[in-house]
Every structure is written in C-alpha cells, then in structure tokens.
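Colleague: Dropping a structure here in structure tokens format, bear with me for questions.
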Amino acid sequence: SLDMNFNDPKYPQQWHLNNWLTKDMDINVTGVWKQNYTGRGVTVAVVDDGLEWTNPDIKANYNYKGSWDMNDNDPDPSPSANKPSNHHGTRCAGEIAAVANNHVCGVGVAYEAKVSGLRVLDGVMTDSMEADAFNMKMDINDIYSCSWGPEDDGKTVDGPHLMAAKALKHGVDFGRHGYGSIFVLASGNGGEN
C-alpha cells in the first residue's frame, strides 16, 4: 500500500487532493495513487508562457527532451526574465507533477510523471504556432496541457483555427506512438491570472 504521509510541507493544505475536513470534496485522486497510478511513464507537455524547470519541486520530474521554447526558438522553455508575470506555466507544471517527498512545497496530481515545457504564449500567438505546439515532440510528449483560452468576458467564443485543428487531429491519429496524443484544453482562462 502506498504511504500517503508525504513530507512536503504544503501537502496538508492541498485539500483538492485529499480533503480531510469535508469528505468527497476533492478530486478523488488518492484512490488512484493507492493503485500505484502516479504518472510514472507519462510525459505531460505544458504549453504555456514558459516553465521554470529549475524550480526545486519540478526539476527532478523535468523532461528536457520534450521541451522547446517556440518564442525564442531554443531548447530552454524558461519564462522570460523580463516578464515576472510569466509564471502560469510553472504553476501548471507544479499542479501536474510536483515531486512528492522532497520536503519542498506540495505534491503534484501525477507526482511521478515527467513534465516538459513548450513556451509559446510569450508573444503573438498564431494559428501556425499553436499547431506546431500541438505536435511538438509528440514522440516524447504524451499529454499536452493547455490551460489557457479566449478572453473570459462572457462574449468571446473561440476554438482552434484551421491549422491548429489539423494538428489536433494529427496528434490524435499519430501521437503516443500510434495511441494518440491526449490534449487537455481549457474552455476559458484567458484572463490576467
């Protein structure tokens, strides 16, 4: 049986993972962990504004081979040092795969998964860039997490444009070595935070 007495200091505050106070008011992940489904063998690409892969709660689960900076066209997806507001991708990566039992911060939902960063949201986003991100390193990345979307103004409805839609289809057909890439896209979350 899996020991869920994690030594990460913020884990007791992660009520969404294990709500001790209000039964059944969490994401019900502990039962999955007890069956030893912890993300091992899976790489999640965080398609966002960058990934601070040197973060001590992410570094051990970072997959550099699945990462790319599409804004600067280099292998380091770190957020721009000139934009301190670029931290969303790092936060998302931590929620997904923060390392467990390292005495640092909290625990990720899939704390043994690897996480890669695809930095694309630190400049003008085009249909072509979005399409490239959806198929970037799909021989390595299994899941593409895109926690961003159109403006949350109650009026804007948007979806993938032509090239991005084709890339999604291509990933579903050919990603994960023929099993199909998994895409997790937000239906909103286009605001400041």
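Colleague: For region 64-115, which trypsin sites (Lys or Arg not before Pro) pass both filters: DSSP loop (anything but H, G, I, E, B) and at most 12 other C-beta atoms within 10 Å?
Modeller: none
Colleague: Which lysines, if any, have their Cα less than 30 Å from the Cα of LYS155, not counting same-chain residues under 8 positions apart?
Modeller: LYS83, LYS166, LYS169
Colleague: Count the net charge of all other residues whose Cβ sits under 15 Å from the Cβ of ALA113, scoring Lys and Arg as +1 and Asp and Glu as -1.
Modeller: Value of the local net charge: +1.
Colleague: Tell me which of PRO84, GLY50, GLY178 sits at the most positive position along the dipole axis of the chain, charges placed on C-beta atoms (Lys, Arg +1; Asp, Glu -1).
Modeller: The one lying farthest along the dipole's positive direction is GLY178.
Colleague: Identify all lysines with a Cα-Cα distance to LYS34 below 25 Å; exclude those on the same chain that are fewer than 8 residues away in sequence.
Modeller: In chain and number order, the partners are LYS10, LYS23, LYS59, LYS114.
Colleague: When DSSP beta bridges are limited to those with both residues in region 37-185, what percentage is antiparallel, rounded to the nearest 5?
Modeller: The antiparallel fraction comes to roughly 5 percent.
Every number in this text was worked out from the coordinates using simple rules, so none of it is lab data. Quick caveat: nothing in here was measured; it's all calculated off a predicted structure. Note: ideal-geometry Cβ built from the backbone for every residue, glycine included; neighbour counts use all protein chains shown.
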